[in-house]
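The values are calculated or read from the model by the stated rules, or taken from the named source; none is laboratory data. Keep in mind that what you see is a predicted model, and the values were worked out from it rather than measured. Cβ coordinates were reconstructed from backbone atoms using ideal geometry, including for glycine residues, and neighbour counts include every protein chain displayed.
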Amino acid sequence: MLGIPDHTSTLEGLKRVLSVVSKRRVGGVPEFYQTLTAKKILFIVSLFVILLLLVGIGISIGPSSLGISDAYLALFSRFIPNVDVSEVARVIVWNIRLPRMAAAVVGGVGLALAGVIFQAILRNPLASPYTLGIASAAGFGAALAITGGAGIVGYSGLIGYKGITGSTLVIVSAFAWTLVGVLLIYTLARLTRVTPETLILAGIAVAYLFSSMLSLLEYFSTENAVAQVVYWLMGSLDKVGWTQIGIMTASVFCVFPVLWKYSWDLNAMSIGDETAESLGVKVERVRSLLLILASFITASIICFTGTIGFVGLVAPHIARMVVGGDHRFLIPSSIMAGAVLLVAAEIISRTIMSPVVLPIGAITSFTGIPLFIYLLVKRRREYW
């Protein structure tokens, strides 16, 4: 009859679609799902290849210019015997340039990992280690040590203990106050219930608190101390050596398996707390645990590098636009994107005004903001 939909034809159409899908299976898995998974894996592998190329470029750039082939030969000379490479090239690569590249890789991985976890547990595309005030707490801790006499370069003797350098005190203070900031955020959120809204509001309050305290420290400090505080807040990889890289790497890769384990829980929580709880996810416990672990990763990195912004915010968005919201693929693709971004920023910071080395935190902001705006404008449909 005219105007009445033909439900019979609709049902027949659905049956045909289901029949096609059921036939196109490989090992019990629909073919289109395998194709989609393969594309996601290809994206992760592509980022890894790009990262290797950027590291090769990074260790070949400097006052003593090396070719990329010579840089790679010097890099692998520690593992492959009888490699024809000069001792000068080996020293330049392993003692000067490779530590910066390794710090950029591990720092990018850790900050991006923390960023994707914060965005997942808060269900907020603007969440990052800096949205929650964690960076502000670290900045206050570093400033407290610097203005108290422990400089970034040396130690003036006003505070500290024998055998402990000023830079060590800055690192310990930044790490400790970062954990204090997380404890304050968690305590404020626990006064009601640990929800995305309470965590964000608590983070904003803690960020303003530590920013105010940092301003007071700078106001009553000497010009030299203020200059060192500003330098630390800009972020730099100059003082990161192999010992610090080892600590950063251990922190990231000890926490990563735990975060990976909760991929399915994060997928469920992205739909909503009530839905996740109906699926058996203990939402409040998972959110609290992941908040602490992501904050620990952030603290273990920025206490050595200073505040490096935008990596934890931009990298998860880049990955999400390609692989979607499935955290089984989003987490590894985000950490690869973060490593690529920070290594690229490190190369730019050393080449754009050579021989002057610019603060890497400023470079990540300058390059990250236009990239972030481009991604928002280019993306026509909702993806979050």
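Looking across the stretch 264-288, the residues that are surrounded by 13 or more Cβ atoms within 10 Å (Cβ to Cβ), small (Gly, Ala, Ser) and within 15 Å of Val194 (Cα to Cα) come down to Ala276, Ser288.
Are there helices (runs of 4 or more DSSP H) fully within the stretch 242-282 with at least 2 residues that are closer than 28 Å to Val91 by Cβ? List them. Let's see the steps before the verdict.
Values: elements: 242-261, 263-271, 273-278.
Fully inside the stretch 242-282 and qualifying: 242-261.
Listed by first and then second residue, the pairs with beta-carbon distance under 9 Å, at least 6 apart or on different chains, first residue in the stretch 47-73 and assigned to a loop (DSSP other than H, G, I, E, B), second at pLDDT below 80, are Ile61/Ser354; Gly62/Ser354; Pro63/Ser354.
Go through the stretch 189-232 and give me each residue that's at pLDDT below 85 and among the hydrophobic types (A, V, I, L, M, F, W, C).
Here is the first cut: in the stretch 189-232, the ones at pLDDT below 85 are 189-197.
Result: Ala189, Leu191, Val194.
Going through (1) surrounded by 16 or more Cβ atoms within 10 Å (Cβ to Cβ); (2) over 20 Å from the mean Cα position of the chain (by Cα); (3) touching a residue at least 12 places away in the same chain (Cβ under 8 Å) one by one, Ile200 falls short only on (2). When the stretch 237-263 is filtered for residues that are over 27 Å from Ala344 (Cα atoms) and either among the charged types (D, E, K, R) or surrounded by 14 or more Cβ atoms within 10 Å (Cβ to Cβ) (or both), the ones remaining, listed by number, are Lys261, Tyr262, Ser263.
Does the stretch 241-274 hold any residues that are closer than 20 Å to Gly110 by Cα and of a type in the set (Val, Ile, Thr), and which are they?
The first filter runs over the stretch 241-274 and keeps only residues closer than 20 Å to Gly110 by Cα, leaving 241-263, 266.
Selection gives Thr243, Ile245, Ile247, Thr249, Val252, Val255, Val258.
Within the bounds of the stretch 105-128, is there any residue that is more than 30 Å from Leu201 (Cβ to Cβ) and modelled with pLDDT of 85 or more? The answer is yes; a qualifying residue exists. Within the option set Ala294, Ala299, Ala319, Ala344, being in contact (Cβ under 8 Å) with a residue 40 or more places away in the chain, assigned to a helix (DSSP H, G or I), under 14 Å from Ala135 (Cβ atoms) and more than 11 Å from the chain's Cα centre (by Cα) holds for one residue only, Ala299. For Phe32, only one of the following conditions fails: (1) more than 30 Å from Val93 (Cβ to Cβ); (2) at pLDDT below 80; (3) buried (at least 16 other Cβ atoms within 10 Å of the Cβ). What is its number? In the conditions (1) more than 30 Å from Val93 (Cβ to Cβ); (2) at pLDDT below 80; (3) buried (at least 16 other Cβ atoms within 10 Å of the Cβ), Phe32 misses (3) alone. Against the list (1) within 30 Å of Ala294 (Cβ to Cβ); (2) at pLDDT 85 or above; (3) among the aliphatic types (A, V, I, L, M); (4) surrounded by 23 or more Cβ atoms within 10 Å (Cβ to Cβ), the condition Leu144 fails is (4).
The set of residues from the stretch 74-107 being of a type outside the set (Ser, Thr, Tyr), surrounded by 16 or more Cβ atoms within 10 Å (Cβ to Cβ) and not in a helix (DSSP H, G or I) comprises just one member, Val85.
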